[in-house]
Structures are given as structure tokens and as C-alpha cells.
Amino acid sequence: MRKRIIAGNWKMHKTLVEGLELVEALKAGYIPDDYYEAVVHPPFTLLHEISKALEGSDIKLGAQNLFYEDEGAYTGEISPLMLKDAGVDYVIIGHSERRKYFHEDNDIVLKKVRAALRHGLKPIICVGETLEQREAGKAKDVVADQLSILRGISIGDMEEIAIAYEPVWAIGTGRTATPELAEEMHKFIRETVAGIFNRDVANNLPILYGGSVKPNNVFDLTSEEDIDGALVGGASLKVDSFLSIIKNAARNII
Ligand code: PEP
């Protein structure tokens, strides 16, 4: 059975007090299970403290980004070593907000993925098309191009990687992809990965869906064969909705 993940991307939200409050409430209400790994991705400034707060719990810690050098004169950047030092397991790479506002292209995404792998961090690599690209019939071309960075990664490292399909038009808009539309792209992603590596690698790869995931739509999405969990933004900021998403995600054994 491949790994299944529900990850909460807090984006640029929460002070330390607010973040600790959320994590304490999550810990109190979270019931670990064998199907889904639960991960929270707070802002950098909260990582050390939240790591301490999560000690002894089954909830994992992730970061939202990293820089690809270990250290040096890179004002304002955070290295993979620093994330390891803070107790981080997962790191989101190539989120569409990073691609849009910080001009991250495939070269940068690949460097970041390699840097994460070098230090034992698990990358969650985001891919997804804009509305304009979908309407132009280019959604699969765009996603295939974003996935082409995997050619720069060794087959052994694929065990550490998850992909998140996040159609840009569904992020933070309340407009979720239908389960059928999402499944079509997830299947395409798995086929593309099988073409780059092989069928086993593709079958073991967790592919998460992201884009306005809520407690009331997560079951239908995760019931699809190739949707192995969710990357959740807005609905991960409140304890009740994030716990409900974890609870409502389908428990299909594949
Ligand atoms: C995200 O942050 O990756 C995301 C999918 O956000 P939202 O759930 O708010 O659409």
C-alpha cells in the first residue's frame, strides 16, 4: 500500500502563540491511523517551537519552502540544514504561489528538491495549471513539463517524494476540482512517472490533491483510485476543519 498523506499548509498565517494553540488542539483531537500521515507546515519562525510541541505525537512537521544551498551569503533564505535542525520531515517545493510571486521555475524547483533529498527531507512537489492554461487545452502539457524535473532525480530518491496536484484555479478560490477531473490528472501524473521511471515507482508514489479541500469534499476526492491524500491550505488553519478532513478522508486500501 502506498503512503497516504494529509498535509496542512499554513502559508503566511499564525503567530507563535496562535500556532502553538492550534497544534495543541490538533494533538488533543488527532487519532493516528494506518492510512494517513498527518503533517503541518507552519511558517519558518514557528518551526523550532512547534517541533518541540509535536514531540511524542504522530503528527509530522513540514516546511513550506527552502533554499538550495546549505549556507552562505543568501540574505533572507533558509537552508535544508536549518530545516533539519528545526526537526522538519517534509518540505513543500514549487507551490504555485512560489512559482507566481517568486518566479520559481523548473531549474530552481529541481535544485530545491535535490537539496532537500541531500539532507533527508521529504519533498512534496507541487504541480498544476492555471485557468488560462486549462482553457487553452494545455493542462496536461503544463503538468508534464513541471514533472520533467523528475528526470534529474535518481530512482532510489523517488521513495522520499510526494507530488501534489494543485490546479491553480482551485487554490484559495473555493472552486474545487471535481473528483473526476482531479482523478484524470492524477492518473496522467502516475502514467508520466511510470514513463520516466517504471510502473513500480509510479504505483508507490503518493499523489495528493490540493485546491479548496474541505471536510465535505475530501471523501469524494480521496475515494478516487489515484488520489492519495490532500494538501490543504485555508481549511488547515482551524482545528475542527483540519481534524474533520483527516477523519473524513476515504480509507480505501489500494
Ligand atoms: C494550498 O495552500 O496549497 C491550497 C491548496 O490552499 P487552499 O486549500 O486554501 O485552496
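The values are calculated or read from the model by the stated rules, or taken from the named source; none is laboratory data. Source: prediction; values computed, not measured. Methodologically, a virtual Cβ is constructed for each residue, glycine included, from the backbone with ideal geometry; neighbour enumeration extends over all protein chains shown. Quick note on the areas: whole protein, heavy atoms, side chains included, nothing else; ligands and nucleic acids left out. Shrake-Rupley method; radii C 1.70, N 1.55, O 1.52, S 1.80 Å.
Could you tell me whether the range 65-79 includes any residue that is open to solvent by less than 10 Å² (accessible area, probe 1.4 Å) and within 22 Å of residue 47 (Cα to Cα)? Walk me through it before giving the result.
Of the range 65-79, the ones open to solvent by less than 10 Å² (accessible area, probe 1.4 Å) are 66, 79.
Next, from what is left, pick out any that are within 22 Å of residue 47 (Cα to Cα): 66, 79.
Yes, some residue in the range 65-79 is open to solvent by less than 10 Å² (accessible area, probe 1.4 Å) and within 22 Å of residue 47 (Cα to Cα).
Which of the following residues is under 24 Å from residue 171 (Cα atoms) and either among the charged types (D, E, K, R) or touching a Ser or Thr at 6+ places or on another chain (Cβ under 8 Å) (or both): 16, 26, 22, 66?
66
Can you tell me which residue is nearest to the ligand (Cβ to nearest atom) among those in the range 191-205 that are buried (at least 20 other Cβ atoms within 10 Å of the Cβ) and not β-branched (Val, Ile, Thr)?
That would be 205.
Could you list, in sequence order, the residues of the range 214-226 that are open to solvent by 10 Å² or more (accessible area, probe 1.4 Å), within 16 Å of the ligand (Cβ to nearest atom) and touching a residue at least 40 places away in the same chain (Cβ under 8 Å)?
Within the range 214-226, 217, 220 qualify.
Could you identify the single residue in 211, 229 that is open to solvent by less than 20 Å² (accessible area, probe 1.4 Å), on the phi > 0 side of the Ramachandran plot, away from the ligand (no atom under 11 Å from the Cβ) and modelled with pLDDT of 95 or more? Let's see the steps before the verdict.
Details: 211 fails: away from the ligand (no atom under 11 Å from the Cβ).
Answer to the check: 229.
If a residue has to be open to solvent by 30 Å² or more (accessible area, probe 1.4 Å), touching a Lys or Arg at 6+ places or on another chain (Cβ under 8 Å) and in a strand (DSSP E or B) to count, how many in the range 35-61 make the cut?
Of all residues in the range 35-61, those open to solvent by 30 Å² or more (accessible area, probe 1.4 Å) come to 35, 37, 44-45, 48-49, 52, 55-58, 60.
Pick out the ones that are also touching a Lys or Arg at 6+ places or on another chain (Cβ under 8 Å) and you get 35, 37, 57.
Now restrict to residues that are in a strand (DSSP E or B): 37.
Of the residues in that region, 1 qualify.
Here's a check for you: in the range 175-184, which residue that is modelled with pLDDT under 95 and under 10 Å from residue 210 (Cα atoms) is least open to solvent (accessible area, probe 1.4 Å)?
Per the criteria, the residue is 177.
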